[in-house]
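**Q** Can you keep this structure in mind? I'll have questions shortly.
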Amino acid sequence: MRALYASARRCRVLDASARRCRVLDASARRCRVLDASARRCRAMLFALCLAVPALAACGGGAGEIRTTRRELPPANPLAVRKFVEGSRDLARGGRANEERALRLFDEALRIDANLWEAHYNLGVIYRRRNQLVKAIEHFEAARTIQPGAREPLLALAEAQRARGHSDDASTILRAAVEQRPNDVDVRVALATLLREAEEYDDALDQAREALVRDPANVRALTEVGRIYRAKGQHDVAELVFRKALALAPQSAEIHNDLGLLALARGDTQAAFIEFAAAIQVDAAFAPAHMNQASVLLHAGDYPAARAEYDAALRSDAENVDARIGLAISMRGQGQPQDAKRELERVLDASPEHPAALFNLAILRAEFLEQRPQSRELFQRFLDTGAATDAQREVAERYLREIPAEAAPARRPGRQGGRS
């Protein structure tokens, strides 16, 4: 099962395609939202981002590096006001506030097309909803307007990675490192991407270069630990994680990483101790709840797993991964209709969410005796292009087994939906 989480950034979810756990980490962090606090002035508008290299728009790929911030005209005061209102709505959380923020950011851009911060926040919202194409469009627009901002650059690389375009993400980050070799954040982001691609030596080079420039950088140290963990050098990984923890003793994320390390060693008890320590440091730290839940789910303890997913949702009601995990635990408890409602809730917000499509298709085919309706869901899942090899094999098998003529005709809106 895809199950384990190492940061509060956006993470992958559990599915029914495999029976082993996969460690997920900080490579898919959620983008932070730009707001109206502690920002750098552009007339009446302030930007949270620091000046770093970004890329010129180039159809979603890596364009020519620009290393300086662009001087923009003063921001329109009405656009600024709408931007600030939208940022406040995002900070309040909840779907209704998020929808209002979307509208306000769009209105701000209609008033002032140079308001790159609004493009960036729109990208963040669409990234949260897993609408990657829209997210990338807005991140690209933000970096085109303001090539010197760090946040759109990092967010664009992460969204490209999530879309499966790791080469584009790598090109973006490598070009940025070449232009600004002392930018530690960009080097750590590149190290994470290289680790995910199992290019461990190159990943270590980037993380070590970051530490040369900032020896006490906790993110860089943590990334080194993750690389050694991925390489199976668990003792070295623990030494690095402990060093990072000494620098940041109240880091829930590092305790979570130590828990993942314990799982890699096969020590479930030690893992639970570390996950509990992470939760003690920060009760709202969803990744630790998610990891506890994934281990419990793997062990078949569906009620306990459900309690952990509920805890994750209490800290973040918009946590799609937790909601999908909750649906899987409900399915395991013999509550397929409840599971179906949770998955449909995800698809109402993100109609092409791959994990929700896949799990709803499995649910219909195997637990609700609705195999004809599942066929279209499997096809839509494959159309997302996000399937692993194992998932693709499962989906294609169902498509072969379920006659096309047995499937209901496609219709506008949510397809393969409620019944």
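**Q** Calculate, in nm to one decimal, what D106 and V212 gain on full extension: separation in residues at 0.36 nm each, minus their alpha carbon distance.
**A** 33.9 nm
**Q** Right, here's the next one. For q = 0.14, 0.15, 0.18 Å⁻¹, what log10 I(q)/I(0) does the range 62-214 give under the Debye formula with an equal point scatterer on each alpha carbon and no solvent?
**A** Debye curve over Cα of the range 62-214, log10 I(q)/I(0) at q = 0.14, 0.15, 0.18 Å⁻¹: -0.73, -0.82, -1.05.
**Q** Starting from 0.36 nm per residue, how many nanometres of slack lie between Q233 and A248 once their C-alpha separation is accounted for?
**A** Length gained between Q233 and A248: 3.1 nm.
**Q** If you don't mind, another one. Can you list the lysines whose alpha carbon sits under 26 Å from that of K231, skipping same-chain ones fewer than 8 residues off?
**A** K243
**Q** Working out 0.36 nm times the residue gap between F367 and A113, then minus their Cα-Cα distance, what length gain in nm do you get to one decimal?
**A** Length difference between fully extended and current span is 86.5 nm.
**Q** Please compute, for the alpha-carbon atoms of the range 208-271, the extent along each of the three principal axes and give them in descending order in Å.
**A** Here the spans come out as 36, 26, 13 Å, largest first.
**Q** Here's a follow-up. Which lysines have a Cα lying under 28 Å from the Cα of K82, excluding residues fewer than 8 positions away in the same chain?
**A** K134
**Q** For the pair D310 and D205, how long in nm is the line joining their label points, each one 7 Å along Cα→Cβ?
**A** 5.1 nm
**Q** Count neighbours as other Cβ atoms within 10 Å of each site's Cβ, and list the GluC sites (Glu not before Pro) in the range 198-259 that are DSSP loop with at most 16 such neighbours.
**A** Hits after loop and neighbour filter: E198, E199.
No value in this document is a laboratory result; all are computed from the given coordinates. Everything numeric in this text was worked out from a predicted model, so none of it was measured. When we count neighbours, we look across all protein chains shown, and the Cβ atoms used for this are built from the backbone with ideal geometry, even at glycine.
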